Amino acid sequence: MIGHALQTAVNRGTIALLLGVCALTHATAHADWELLSESSKLNFVSIKATHIAERHGFETITGSVKDNGDIRLTIDLASVATGIDIRNQRMRDMLFAVAEFPTASFSAKVDTSAATAMAIGEQMSIPVSGQLQIKSVTVDIDAVVTAVRLADNKIMLSNQQPLLLNAGQLGLEQGVEMLRSVAKLPSISLAIPVTFQLLFQKQS
């Protein structure tokens with residue numbers, strides 16, 4: 001009788017342990033991927049006086065890829081970094097108006113099954129269609145990104161070709177003109193090439 005009770009308890013404990021392991025495995029397999037901001041880059045190029053190109057970027061980006069394929073990125077516009085303090089301030093105030101519009105966002109939905117099934121070191125191309133919202137303007141964005149599996153819990157996404165945005169379509173044309181005027185430049189192009197390299201880590 002005692003032996004039977006002990007065996008029953010052992011069996012129940014084994015079942016509970018197996019259920020716990022299965023639940024943990026399921027949770028890990030379906031965990032979200034969080035952006036590692038300090039290891040990610042979002043850069044853009046401005047072209048002034050017809051032929052002078054300068055590289056800029058944003059130092060603070062947050063985001064995630066959900067298990068259902070929802071992508072959401074948030075860009076802290078106040079973190080714009082141009083290498084010149086006064087230009088940073090002018091972009092914050094005149095171009096982005098961060099006091100009223102502190103962030104920009106990108107949202108999309110992708111099929112994550114193929115990317116998450118990649119072996120370490122493998123890479124693949126993924127088409128991405130989404131929407132970029134900045135100030136009160138929303139524009140459609142289409143890109144092809146390269147996904148590289150760096151580790152069991154890390155994937156890097158980068159665009160294969162620069163995104164070519166237009167400041168006028170983004171509602172930034174007036175801000176560009178203000179920057180041109182205060183800097184006494186003959187011109188600043190409305191064309192904005194954008195590149196990104198985003199590192200995501202699976203949350204346990």
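A few points about this structure:
- Two-site FRET efficiency, N166 against R55, from Cβ-Cβ distance with R₀ of 25 Å, rounded to 0.05: 0.85
- M118-S181 FRET efficiency (beta carbon distance; Förster radius 45 Å; 0.05 resolution): 0.35
- Maximal additional length on extending the V139-S107 stretch stands at 10.4 nm, based on 0.36 nm per residue less the C-alpha distance.
- Charge sum, other residues only, whose C-beta stays under 13 Å from S204's C-beta, Lys/Arg counted +1 and Asp/Glu -1: -1
- Difference of contour (0.36 nm per residue) and Cα-Cα distance, E173 to S129: 13.4 nm
- When the surface is traced with a 1.4 Å probe over the full set of protein chains, D93 keeps roughly 90 Å² accessible.
- What the stretch 49-204 shows is 55 Å² of accessible area per residue, with the surface traced by a 1.4 Å probe over protein heavy atoms.
- Reachable aspartates and glutamates, given that their alpha-carbon falls under 13 Å from the alpha-carbon of K48 and they are not under 8 places away in the same chain: E177
- Its alpha carbons considered, the stretch 40-151 gives a radius of gyration followed by a Dmax of 16.4, 47 Å.
The values are calculated or read from the model by the stated rules, or taken from the named source; none is laboratory data. Quantities reported herein were computed from a predicted structural model and do not represent experimental measurements. Counting neighbours? That spans all protein chains shown, and the Cβs are built from the backbone with ideal geometry, glycine included. These area figures cover heavy atoms from the full protein model, side chains too; ligands, DNA and RNA do not enter into them. Shrake-Rupley method; radii C 1.70, N 1.55, O 1.52, S 1.80 Å.
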